[in-house]
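K.L.:
If you scroll down you'll find the structure; I have some questions about it.
Each reported figure results from applying straightforward, stated rules to the coordinates on display, with no laboratory input. These numbers were taken from a predicted model, which means no experiment stands behind them. FYI the Cβ positions are ideal-geometry reconstructions off the backbone, even for glycines, and counts take in every protein chain you see.
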Amino acid sequence: MFKILLFNPYCTHKTNNRTYPTEPLGLLSLATYFIREIKNTSYTIEVKIVDAQLEGSDTCIKTDRGYRSGLSDVKIQNILKEYQSNLVGITNNYTSLVHDVLELSKLIKKTCPDSMVVLGGAHATIDHRNLIKLEEIDAVVRSEGEETFKEMIFSLCNNSGPKRVLGLTYKNGGKIFVSEDRPLIEDINILPIPDRSLVAYEKYLKKSSSIFYNTMNKPVAILFTARGCFFQCIFCSTHKVWGNKWRARNPKKMLEEVEYLKDTYGVREFAFEDDQLMGDKNRIKIFCKLIIEKKLDISFIAPAGISPALIDEETMSLMQQAGFYRLCFSIDVGTKSAQSYVKKPVQLEKMRDIVKQANLKGLWTYATFVIGFPEEKIKNIRETIKFAYGLKLDFLIFYLAQPHLGSELYDIYLKSGLIKEENVYEYHRMDESLFGTKYISSAKLEALGLSAASGYLKYHVRHFLNPVYVICEFIPKIWGLKKFTYFVKLILSMAETKKA
């Protein structure tokens, strides 16, 4: 029996605030595919997923590095000793979690020195050449993991060695080897729907109330229906993992997953977390029509954002009819100079009309903006804020530019001297700046971001002095019992947040 443990790592942060994860769809997709592929083989292999952030106490554990959400070292060691796995895989998607991943890797090696430790995920892919040098790491599965992981396990089971496994960085005989990149799966519809029964899925649904705020329905499930993005925005590192190729599930496969989650687990709302949901408008239109035909009483959101360059009025209408009740537009820039710098394909002059069309259809609207690029001055940021305020959105989110490893922006920060290579693992939140810009200190940049976010509500009140806006663009959002109930919920939630 070859035994595999797959870990979603715990999370350590600065504040004593217990956090919970969404379902680890990367691990679920990997495990579901692998289990399907070994059914008709002679291999005897067992796979188990452990979510070290979901499980554990409802309070944080104080450590030398901060406050940990999830399992203690002792409980992790007990799991490792009981399971006695041959291989332990750890997902490492985010650079901010690398310290947790490496700490967990060391604990695994200390507890089970004969177990092979393998990393996967976005950060592991981008930083594989550095990670493989560490004593506690035996291999890194790069980019799309399903096929690479399967072939690696088969090579271990039949003692053939991993030399022919594409997409793998590994150690052998004390030497480091980096195999050729694996071609991406052309048709991701061949991948099975992630089997949520492989984890304690009800726990994720129960905890979703602390993850997704102000949703219309609960429980909420996560959906990943596409991989990659064909844009090349300089602050994004997605292309390092998926290339600039966009691949998606077809509408019938999307519907199949929605109905499976609704019928099996009672899910009533679905959150699309695709890097690029709108890569094919026709796909979304067909999906929405299927939902409308089925008359499913469910709702949808897209927290990861929708590229405004890829949406139109017809698509928004169908989305609203299918159960989308709010849209997040990934605008990200507010000036022509920033648009050119970031390489963001958004037509700023058309944004007000796009937002207006969404408002007219009764959709709640918000947008994300990024401020604090290396060349920006205070006047540039204020121009972005002014542009954002004038769009008549319901809500605004201002992120501070971050030099994510693997992004073009990271290289720009390096060349400009704003960061050094050792800064890459610094912990940061999207509202926190460690480096500032060439002209603005990190403290001043954070203050600008906070002021922009907190000041919008007061500015937005002015829009309600315009009766045309109220009648045409606001009333549709609250017209009807269900919509009005949601509006009241929003008001109460905002009041509670302000009180806190």
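K.L.:
For segment 189-248 and segment 115-134, what is the centre-to-centre distance using only Cα atoms, to the nearest Å?
P.N.:
Value for the Cα centre distance between the two parts: 22 Å.
K.L.:
How big is the antiparallel share of DSSP beta bridges in the chain, given as a percent to the nearest 5?
P.N.:
Percentage antiparallel, nearest 5: 25.
K.L.:
Taking the mean number of other Cβ atoms within 10 Å as a proxy for protection, how do you rank 52-64, 372-384 from highest to lowest?
P.N.:
Sorting 52-64, 372-384 by mean packing, highest first, produces 372-384, 52-64.
K.L.:
Let me know the charge dipole size of the chain about its Cα centre in debye, to the nearest 20, where only the beta-carbon of Lys, Arg (+1) and Asp, Glu (-1) is charged.
P.N.:
The calculation lands at about 1080 debye.
K.L.:
Ok, one more. Any chance you could run the full-extension gain for K203 through I176? It's 0.36 nm times the residue separation minus the Cα-Cα distance, nm to one decimal.
P.N.:
Value of the extension gain: 5.7 nm.
K.L.:
Mind ranking 285-292, 178-185, 463-470 by how tightly packed they are, going by the mean number of other C-beta atoms within 10 angstrom, highest first?
P.N.:
With the highest mean Cβ count within 10 Å placed first, the list reads 285-292, 178-185, 463-470.
K.L.:
A further question on this structure: Output the relative contact order of the chain, whole-number percent, from Cα pairs under 8 angstrom with separation of 6+ residues.
P.N.:
11
K.L.:
Near the amide H of I222, under 5 Å away, which other amide H atoms are found, from residues 5 or more places off or on another chain, if H is placed in the peptide plane?
P.N.:
E23, A271
K.L.:
Now for a separate question. Which of the listed residues, F231, S208, L198, is farthest toward the dipole's positive end in segment 192-233, when Lys, Arg count +1 and Asp, Glu count -1 at the beta-carbon?
P.N.:
Of the candidates, S208 comes out farthest on the positive side.
K.L.:
Would you be so kind as to identify which of A31, I331, H123 lies farthest towards the positive end of the dipole of the chain, taking Lys and Arg as +1 and Asp and Glu as -1 on Cβ and the Cα centre as origin?
P.N.:
I331
K.L.:
Can I ask one more? Taking the simple approach of a point 7 Å from Cα along Cα-to-Cβ for both D73 and K245, what is their distance in nm?
P.N.:
4.3
K.L.:
Now a separate question. Starting from segment 1-89, pick out the chymotrypsin sites (Phe, Trp or Tyr not before Pro) whose DSSP state is loop and whose Cβ has at most 15 other Cβ atoms within 10 Å.
P.N.:
Y43
K.L.:
Full-extension gain between N158 and S442, please, as 0.36 nm times their residue separation minus the C-alpha to C-alpha distance.
P.N.:
Going from the current span to full extension adds 96.9 nm.
K.L.:
With just the Cα atoms defining each centre, how far is segment 433-475 from segment 335-349? Give it in Å.
P.N.:
Centre-to-centre (Cα) distance: 19 Å.
K.L.:
Additional query: Label-point separation (nm) for K350 and E135, each offset 7 Å from Cα along Cα-to-Cβ?
P.N.:
According to this spin-label approximation, the distance is 5.8 nm.
K.L.:
Return the label of the correct value of Cα extents along the principal axes in Å, as calculated from the structure shown, out of (i) 81, 50, 45; (ii) 75, 51, 46; (iii) 73, 55, 42.
P.N.:
Correct label, based on the coordinates given: (iii).
K.L.:
Can you list, bin by bin at 5 Å, the percent of alpha carbon pairs in segment 408-480, starting at 0?
P.N.:
Spelled out per bin, shortest first, that is 3, 13, 15, 15, 11, 8, 8, 9, 9, 7, 2, 0.
K.L.:
What does DSSP give for segment 116-178 in terms of the percent of beta bridges that are antiparallel, rounded to the nearest 5?
P.N.:
70
K.L.:
Further, regarding this structure: Using modelled amide H (1.01 Å from N, peptide plane; none on Pro or chain starts), what sits under 5 Å from the amide H of I306, excluding residues fewer than 5 places away?
P.N.:
Amide H to amide H, under 5 Å and 5 or more residues apart or across chains, I306 pairs with C328, F329, S330.
K.L.:
Okay, next question. Which entries of K415/K444; K203/K262; K289/K489; K218/K482; K295/K482 have Cα-Cα distances beyond 19 Å here?
P.N.:
Cα-Cα > 19 Å for K415/K444; K289/K489; rest within.
K.L.:
Mind ranking 211-217, 303-309 by how tightly packed they are, going by the mean number of other C-beta atoms within 10 angstrom, highest first?
P.N.:
303-309, 211-217
K.L.:
Against the longest principal axis of the chain, how steep is helix 442-461, in degrees 0 to 90 to the nearest 10, with axes from Cα atoms?
P.N.:
The two axes meet at around 40 degrees.
K.L.:
Oh, and also: Let me check I've understood the local charge: for K207, count other residues with C-beta under 13 angstrom from its C-beta, Lys and Arg +1, Asp and Glu -1. What total comes out?
P.N.:
Around K207, the surrounding residues sum to -1.
K.L.:
How big is the dipole moment of segment 1-120 about its Cα centre under a simple scheme where the beta carbon of each Lys and Arg is +1, that of each Asp and Glu is -1, and everything else is neutral? Debye, nearest 20, please.
P.N.:
160
K.L.:
Here is a further query. For G390, what charge total do you get from the other residues with a beta carbon under 13 Å from its beta carbon, if Lys and Arg give +1 and Asp and Glu give -1?
P.N.:
+3
K.L.:
Farthest toward the dipole's positive end in the chain, which of L255, G417, I385, given Cβ charges of +1 (Lys, Arg) and -1 (Asp, Glu) about the Cα centre?
P.N.:
Value computed over the given set: I385.
K.L.:
Cut-off 18 Å, label point 7 angstrom out along Cα-to-Cβ of K295: give me the residues of segment 245-284 whose amide nitrogen falls inside.
P.N.:
Under cut-off, by backbone N: 259, 263.
K.L.:
A further question follows. For the chain, what is the calculated [θ] at 222 nm in deg cm²/dmol (nearest 500), taking -39500 (n - 2.57) for each run of four or more DSSP H residues and dividing by its residue count?
P.N.:
Roughly -12000 deg cm²/dmol at 222 nm, from the helical runs in the chain.
K.L.:
Additional query: K343 label point, 7 Å along Cα→Cβ, cut-off 14 Å on backbone N: hits in segment 216-238?
P.N.:
Label zone hits: 229-238.
K.L.:
Find the Cα radius of gyration of segment 60-103, compare it with 2.2 N^0.38 Å by division, and give the number to two decimals.
P.N.:
1.29
K.L.:
Scaled to the compact-protein estimate 2.2 N^0.38 Å, what is the alpha-carbon radius of gyration of segment 2-178, rounded to two decimal places?
P.N.:
Dividing the Cα radius of gyration by 2.2 N^0.38 Å gives 1.00.
K.L.:
Still on this structure, I have one more. Between N466 and V488, what length comes free when the chain is fully extended (0.36 nm per residue of separation minus the Cα-Cα distance, one decimal in nm)?
P.N.:
In short, 5.7 nm is gained.
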